[in-house]
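Report on the following structure.
What follows draws every value from the coordinates through simple rules; no lab data is involved. These figures come from a predicted structure and were not determined experimentally. Note that each Cβ is placed from the backbone with ideal geometry, even for glycine, and that neighbours are counted across all protein chains shown.
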Amino acid sequence: MLKSSFTKKMPGIFLLVGLFVLLSLVWVSPSQASEPKQQTEEYCLSCHSNPDLSLTLPSGETLSLYVNSDELQTSVHSPNGIECEACHTNITTYPHPAINYQNKRELTRVYYTACQKCHPDNYSRTQDSMHDQVAEAGNLNAPVCTDCHGSHYIHPPSEPRTLIPETCGNCHIQEFSIYQASVHGNALIQESNPDVPVCTTCHGVHNIHDPRTQQFRVLEPDLCASCHANQEMMAKYGLSADVYSLYSLSWHGVDVSVYQARWPTIQHTSAVCTDCHGIHDILKPDDPSSSVNPKNLLVTCQKCHPGVSSNWTGAWTGHYKVSLQRTPILFYVDSFYSIFTPAILWICGIYVALQFIRFMVDRVRRSL
Amino acid sequence: MTNQHPPSSTSPDHPVRLVRTFPRFSVSQRSEHAVFLLCIAILLLTGLPQKFNTSTWSQAIISSPARLNLFQQIHHITALVLSALVLYHLGKAIYLIARRKLPGDMLPTFQDVKDAWNMLLYLIFIKKQKPAFGKFNFEQKVTYWFLFFSVGIMIVSGFIMWFPDVVTRLLPGGVIPGAIMAHSTEAIVTTIFVILWHFYHVHLERLNLSIFSGWLNEEDMHSYHSLEYDQLIHKANTDQDPGEIKS
């Protein structure tokens with residue numbers, strides 16, 4: 001009966017659709033035509049705009065099914081025509097298919113895979129990440145896309161820039177609070193400084209790797225150098241941009257560069273930037289609580305060189321060029337050899353050359 | 001003072017020609033040179049790859065951290081041998097000074113400065129004759145004293161690098177980067193010196209193996225150490241046949 005009545009109505013439906021297509025051709029201007037039309041959102045929101053709409057999962061958790069329409073409009077997806085069913089692929093009509101997730105986390109970890117449809121590169125990057133490794137090892141709290149970016153209300157993640165450490169700080173609470181007190185974090189929060197590193201500057205974004213590995217450690221001076229060897233940027237803050245190049249000449253730096261170039265995976269103990277300056281807690285060297293403040297330097301050295309005396313800190317040339325004021329002994333040694341070496345080379349060279357010439361001339365004369 | 005070696009007593013056709021040899025270095029001095037040469041060679045072979053660690057040849061030799069560790073151990077052991085040698089050499093010198101028996105022919109004198117000046121004039125064709133030299137000419141004295149101070153610098157700076165924590169209990173920390181630079185640069189200067197100066201004089205100018213054999217032949221004695229030669233001949237004559245002079 002139903003089928004027959006439907007077939008009877010067929011011509012009418014065709015007419016209606018045809019009319020709609022014609023009308024849309026007439027009414028919709030080209031600029032409007034490029035904007036996709038919202039079709040399902042309004043339909044879904046007819047129920048999901050109810051703040052009380054929720055369901056209870058088998059775990060006992062209450063899953064709110066409310067979607068704030070206004071906030072949804074500010075998200076990056078909705079205004080670009082990416083609608084509910086783009087992510088909620090299994091829901092096409094009402095009534096919805098039954099939900100068989102035990103808890104909220106399980107639901108999140110299934111739904112986020114929808115991101116890869118449009119963001120395959122970043123999605124696959126996350127699969128190389130530390131977070132993914134942790135999840136595979138059984139920690140289901142390891143973040144997925146939506147944990148950092150949000151789900152319905154997605155905004156550009158770096159606007160404002162201060163948002164980045166806050167996002168990471170949701171889980172990495174201790175690191176975040178230490179970072180906030182550091183010279184970098186402080187400048188970010190107090191001055192909205194655009195140059196200081198945020199979490200992602202050093203750790204990467206989607207493919208965040210374990211920073212405790214030897215590979216990370218051996219490349220760490222280069223990481224700091226990406227800002228601290230930048231003349232232009234350092235000049236803005238009155239900092240030396242030679243710290244990296246001078247470090248590379250130091251005992252530590254030479255050692256690290258050998259390991260970096262040849263044995264990046266082999267454990268070594270020579271100090272990299274963070275060993276002395278700290279990691280998330282880096283402070284200005286003139287800050288009294290900085291690990292490289294002259295007052296604290298001996299304790300910092302003793303982390304690797306236990307039991308050394310207070311003279312020891314004088315061995316560190318402190319990222320400064322050889323100068324009479326700072327490093328007098330090195331200055332005199334350097335001055336001596338900058339004269340002595342070429343002098344020996346020239347004196348020996350010229351003397352031996354003269355001797356050889358005289359020897360040959362004598363020989364030729366005798367044979368004549 | 002002179003020995004006589006009949007070189008070919010087996011051929012009766014030729015008249016026997018006597019080759020006079022003059023002792024130049026004692027067994028102790030020759031062994032010292034041999035040990036010194038060996039130490040320097042090993043120290044350079046194990047040290048230079050560490051200094052030029054970015055070059056490909058160095059990376060081929062020091063192919064692993066274990067190899068680097070081995071090189072450092074060999075370097076340290078050889079350094080100890082060299083230090084012992086230097087102590088022996090200094091101890092012997094002090095013993096001889098105490099007994100007033102130090103020959104002193106290696107000590108620099110004002111005559112050496114004059115010799116060097118005259119040699120320079122000879123080399124630039126102003127003088128026709130080389131200056132006459134004694135047992136050790138100024139070139140050989142320069143070799144000895146250059147290496148004397150060079151080895152001194154290498155040993156002192158080397159031990160500072162080896163035991164930096166002990167050294168800084170007494171000395172300011174600044175000596176450590178100073179020692180690193182001195183050790184590394186002095187090694188290069190010494191290598192240049194030995195190759196240019198010493199190798200020229202003992203291999204190219206003439207093949208002088210007296211430090212290994214212990215003796216020099218009469219011809220070399222006459223042309224390179226004429227003062228010593230004259231002195232020895234005179235002394236030998238007076239020692240052997242004092243009556244000849246009277247007649």
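Structure data summary
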{"item": "Tilt relative to chain B, helix B:175-193 - C-alpha long axis, 0 to 90 degrees, to 10", "result": "40 degrees"}
{"item": "Charge context of A:Asn207, other residues only, Cβ under 13 angstrom, K/R +1, D/E -1", "result": "-3"}
{"item": "Computed FRET value (nearest 0.05) for A:Gln102 with A:Glu136, which takes r as the C-beta separation and R₀ as 22 Å", "result": "0.70"}
{"item": "Per-residue [θ]222 nm for chain B (sum of -39500 (n - 2.57) over DSSP H runs n ≥ 4, rounded to 500)", "result": "-21000 deg cm²/dmol"}
{"item": "Average partner coverage of A:352-362, which counts Cβ from other chains inside 10 Å", "result": "4"}
{"item": "Cα-centre dipole for the stretch A:214-321 with unit charges at Cβ (Lys and Arg positive, Asp and Glu negative), debye to 20", "result": "140 debye"}
{"item": "Cα-projected label distance for B:His76 with B:His203, points at 7 Å along beta-carbon direction, nm", "result": "3.2 nm"}
{"item": "Nearest-20 debye value, the protein assembly as shown charge dipole, Cβ charges on Lys, Arg, Asp, Glu", "result": "2720 debye"}
{"item": "Potential lengthening between B:Leu227 and B:Ala98 on full extension [0.36 nm per residue; Cα-Cα distance subtracted]", "result": "43.7 nm"}
{"item": "Estimated dipole of chain B in Debye, rounded to 20 [Cβ of Lys and Arg +1, of Asp and Glu -1, Cα centre]", "result": "380 debye"}
{"item": "Of the DSSP H helices in chain A, those whose Cα atoms cover at least 27 Å axially and whose Kyte score averages -0.5 or more", "result": "A:2-27, A:328-367"}
{"item": "Difference of contour (0.36 nm per residue) and Cα-Cα distance, A:Asn293 to A:Glu159", "result": "44.8 nm"}
{"item": "Whole-number percent relative contact order across chain B, with pairs defined as alpha carbons under 8 Å at least 6 apart", "result": "27 percent"}
{"item": "Trypsin sites (Lys or Arg not before Pro) restricted to the stretch A:180-273 and DSSP loop, no more than 13 other C-beta within 10 Å", "result": "A:Arg212"}
{"item": "Of B:Lys141/B:Lys235; A:Lys303/B:Lys51; A:Lys236/B:Lys51; A:Lys321/B:Lys51; B:Lys92/B:Lys128; B:Lys101/B:Lys141, pairs whose Cα-Cα distance is over 29 Å", "result": "A:Lys236/B:Lys51; B:Lys92/B:Lys128"}
{"item": "FRET efficiency estimate (nearest 0.05) - Cβ-Cβ, A:Leu249 to A:Leu63, R0 51 angstrom", "result": "0.30"}
{"item": "In range of the label at B:Thr54: residues from the stretch B:187-219 whose backbone nitrogen is under 19 Å from the point 7 Å along Cα→Cβ", "result": "B:188"}
{"item": "Rg over Rh, two decimals, the protein assembly as shown (C-alpha only, Kirkwood Rh)", "result": "1.26"}
{"item": "Cβ crowding within 10 Å averaged over residues, with A:57-64, B:220-227 ranked highest first", "result": "B:220-227, A:57-64"}
{"item": "Sparsely packed trypsin sites (Lys or Arg not before Pro) within the stretch A:324-368, loop by DSSP, other Cβ within 10 Å at most 16", "result": "A:Arg326"}
{"item": "Unit charges at the beta carbon, dipole of chain B: most positive-side option, B:Leu171, B:Phe36, B:Ile77", "result": "B:Leu171"}
{"item": "Per-residue mean of C-beta atoms belonging to partner chains within 10 Å, peptide A:302-312", "result": "4"}
{"item": "C-alpha long axis of helix B:110-123 to longest principal axis of chain B, angle in °", "result": "80 degrees"}
{"item": "Neighbour net charge for B:Pro131 - beta-carbon separation under 15 angstrom, K R +1, D E -1", "result": "+2"}
{"item": "Where a label projected 7 Å from the Cα of B:Ala84 along Cα→Cβ would reach, residues of the stretch B:154-196 with amide N under 20 Å", "result": "B:154-156, B:158-160, B:162-163"}
{"item": "Relative contact order (%) - chain A, alpha-carbon pairs under 8 angstrom, separation at least six", "result": "9 percent"}
{"item": "Summed side-chain charge close to A:Ala271 - residues other than A:Ala271 whose Cβ falls under 14 Å, Lys, Arg +1, Asp, Glu -1", "result": "-1"}
{"item": "Relative contact order (percent, whole number), the stretch B:25-102, Cα cutoff 8 Å, 6+ residue spacing", "result": "35 percent"}
{"item": "Mean ellipticity per residue at 222 nm, deg cm²/dmol - from DSSP H runs of n ≥ 4 across chain A, formula -39500 (n - 2.57)", "result": "-16000 deg cm²/dmol"}
{"item": "The stretch A:170-288 - Kirkwood radius from inverse mean 1/r over Cα pairs (Å)", "result": "15.4 Å"}
{"item": "Cut-off under 5 Å, modelled amide H: who pairs with B:Lys127 long-range", "result": "B:Tyr122"}
{"item": "A:Asn170/B:Ile155 FRET efficiency (R0 56 Å; Cβ-Cβ; nearest 0.05)", "result": "0.40"}
{"item": "Loop trypsin sites (Lys or Arg not before Pro), the stretch B:102-197, which have at most 16 other Cβ atoms in a 10 Å radius of their Cβ (DSSP)", "result": "B:Lys127, B:Lys128"}
{"item": "Degrees, to the nearest 10: B:226-240 long Cα axis against longest axis of chain B", "result": "50 degrees"}
